[in-house]
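Heads up: the structure comes next, in structure tokens.
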Amino acid sequence: MSAHDHNKKLLEPLRAAFLKGDVGRLKQEIMDAFAPDARIKLCFPYQDVEGPIDLCERVYVPLLRAMPDLERRDFIFMAGPRWGEGKSGDWVGAGGNFIGTLIEPWLGIPARGKPVFMRYHEYFRIEGGKVVEMEGIWDIPQVMLQSGVWPMAPQLGVEWMCPGPAHGRGVVTAPFDAAEADRSVQCVWNMLHELKQGTAETPDRGLSGHWHENCLWYGSTGIGSARGHAGIRDVVLNSFRQGLSDNVRALEEGVFFGDHDLVAFTGWPSGAATHSGDGFLGLAPTGRRFTRRSLDFWRVENGRIRENWVMVDMLDLYRQLGVDVFARMASLTGSHFISEKAA
């Protein structure tokens, strides 16, 4: 068994606890899986989390109180070494949906007593049999939308509970194949390097030759999802290329890893840009420089990208552009959530 197969197996008890939604068992499995001094970085409003105890008490206990029947459904579960010459570190990536009935307000989001779902992407670095680093982004705006309150600009893409990989093998159980993983990451690496050369005058740069003609781009709520080259161009690329300048992506500094035909990328931040033009998220240009966090998965099919799951920390992005999404939501709902990590 490779180290990467072992690392996936190492997190199986934690996955089982998440599926059951038992807060006592979940606390125990988190404490068993994580090193006491693990570095944990989550999306806004959580931000830096002070180890596994803080992860339990500040993050998961309130979520389980609001959704006592919470289940976590992974549709991607993969592992591999950090890709690239001179790089090191072994990672596990998980993506899926939380599902539960929201019976109490959560983060100021009103409870309607109905089932909701929330996509998550989370990456874990494993060392010495313990999680020593975690990065996670949850699609919190997705819950706002389902609860009937929307404090952000309208999105261009489609909103849905996005599916897992079409071939049904997102939870990878086959033995780790280093050669296939390398080919898959190389495919995504090549695409991203061409994609970042595109401009508002070359909106299709990076699509042809890299993406399947019927590809699917599953974006965070606030951007939405798109299908095909034209959909990705119109929903995503035009918005970024027309609304941003000096837009850079930290590919060399980020972490890539692959497992069979799946590829993961994390950067914290994953890029930076200046909000200088119209079209970006439907917001008037602010002139502000901001960074963005994203945790992404791709599935490669016959040398081209067939599916891409993108998770951007939209709440942190809005925060940097001067928009307090939680304050706007409070004005609509009368809620009074204030994040102690808002600064």
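Here are some notes:
- Longest site-free stretch - the chain; sites: GluC sites (Glu not before Pro), DSSP loop, at most 13 other Cβ within 10 Å: 86-200
- The range 1-154: translational diffusion in µm²/s, Stokes-Einstein, Kirkwood Rh over Cα pairs, 10 °C, 1.306 mPa s: 98
- Gain in span if fully extended, W189 to A166, counting 0.36 nm per residue against the direct Cα distance: 6.1 nm
- Cα-projected label distance for D246 with E180, points at 7 Å along beta-carbon direction, nm: 4.4
- Residues of the range 83-100 with amide N under 20 Å of the 7 Å Cα→Cβ point at E253: 83-89
- Computed label-point distance, nm, for sites Q47 and E71 using a 7 Å Cα→Cβ extension: 3.6
- Trypsin sites (Lys or Arg not before Pro) restricted to DSSP loop in the range 243-312 with at most 14 other C-beta within 10 Å: R288
- One chain, two ends: A16 and K196. Fully extended at 0.36 nm per residue, the span grows by 60.9 nm beyond their Cα-Cα distance.
- Taking a straight line from the alpha carbon of K87, these lysines sit under 22 Å away, with near neighbours fewer than eight places off in the same chain left out: K8, K41, K130.
- Relative contact order computed over the chain (Cα-Cα under 8 Å; 6+ residues apart), in percent: 17
- Computed over the Cα atoms of the range 178-329, the ratio of the radius of gyration to the Kirkwood radius (Rg/Rh) comes to 0.96.
Bear in mind these aren't lab numbers, they're just calculated from the coordinates by the rules spelled out. Keep in mind that what you see is a predicted model, and the values were worked out from it rather than measured. Because the Cβ atoms are built from the backbone with ideal geometry, glycine has one as well, and the counts that use them run over all protein chains shown.
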